[in-house]
Amino acid sequence: MNKRTLISATVAVGAGALLALAAPLAASAHVEVTPNTAAAGTYADITFRVPTESATAATTKVEVDIPAATPFPSVSYLAVPGWDTELVTETLPKPVKVAKTTITEAVTKVIWTAQPGSEIKPREIREFTLSVGAVPDTGKIVLNTLQTYSDGSVVKWAGTAEGADLPSPVLFVNDKPVAEHDADAVSAPPASHDAATTAASSSSASSSASSSDTLARVLGIGGLVVGAVAVVLSVVTLRRKGTV
């Protein structure tokens, strides 16, 4: 095998490693709201984490819809450098009682627009924080989000079905997030177990699953890196021998 072939092989291995690492990261990159739970009647700070998934375009605008059926009496925002924020207030179709307050108008949309040079570039993530309250006493609040790119394309994060490709950010108030429902079903103990045993088993299982997942990821990444380095060292060694 000549040097050119070896170099090509090295490049291919490196590219394969990058693709293998990028694939799971891209698959998990969604617009999310965190924390995704809040207690009814309280005021909460919620943050929208917005990644740019495009490899060629930047995110220029983010719009979050707040349902008129489950409004917040108060909405304020944390200023983001390089971004303009607009709170759109509308008269509600009918009065809504939240906690002890009846409201007839509320913020139904929040729009963040990037100033030139402040767009969310490919592989970047930007966070946008709102302070909302009092949180309506409902099961959950679906916060559909529109993400606009510099090439004119728009991604609508509004999927509500489990496993949706573009899931909507959801703030859970009384309902539990889907992941917690699944965890409860899997870890439900036999009736003979007492509360202490149940808690210990659940904590142990969660810790074990998390540790196993983290270890698997670390080992996988380590293997890819070691393999790539080995190929590069081989090429360097062969080239030195050829020049002797």
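Of all beta bridges DSSP finds with both residues in the range 31-175, what is the antiparallel percent, to the nearest 5? Expressed as a percentage, antiparallel bridges in the range 31-175 total about 95.
Here the range 32-82 has an Rg and Dmax of 13.8, 43 Å, counting Cα atoms alone.
Neighbour counts of C-beta atoms inside 10 Å place Asp137, Asp165 in the sequence Asp165, Asp137, starting with the fewest. Can you pull a Stokes-Einstein diffusion coefficient for the range 31-175 at 37 °C (0.692 mPa s), Rh from Kirkwood over Cα pairs, as a whole number of µm²/s? In µm²/s, the coefficient is 209.
Test of understanding: what is the full-extension gain from Val80 to Gln115, defined as 0.36 nm times their sequence separation minus their Cα-Cα distance?
Difference between extended and current length: 11.5 nm.
Every number in this text was worked out from the coordinates using simple rules, so none of it is lab data. None of these values were measured; they are calculated from a predicted model. In this analysis, Cβ positions are derived from the backbone assuming ideal geometry, glycine residues included, and neighbour counts consider all displayed protein chains.
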